[in-house]
1. In terms of modelled amide H atoms, which long-range or inter-chain residues lie less than 5 Å from the amide H of residue 64?
2. For every other residue with a beta carbon closer than 13 angstrom to the beta carbon of residue 68, add +1 if it is Lys or Arg and -1 if Asp or Glu, then tell me the sum.
Amino acid sequence: VITLNTIYPKAFDNPRKEETDKEGAPRIGKFVRIGGNTTVNPFVEIGDYVVIGAGSVVTRKVPAGKLAYGNPARVVKDAVGIRARYDKNVRPYKR
């Protein structure tokens, strides 16, 4: 997962440097699950209990309790309906 905290790099040589130096790390809520190879842009807020699909590019706010994926990531449905069991009957890898 890649999280970005600035739109332009610090070494950016620009006469309008003060405008381009704005920083804003993304805000990620509690119990958020983010799939691999996902990019989260600066100034983005991800609410609590959100699921982000693998390979997504999050460019805008994702409300709490939602499932979002894609490029750019879009809210698809409530994350409440997604269930994963972690017990002795479910094995991700064969022994």
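Bear in mind these aren't lab numbers, they're just calculated from the coordinates by the rules spelled out. What you are looking at is a predicted structure, and each value in this text was computed from that prediction instead of being measured. Backbone-built Cβ (ideal geometry, glycine too); neighbour counts: all protein chains shown.
1. Result for residue 64 returns 47, 48.
2. +4
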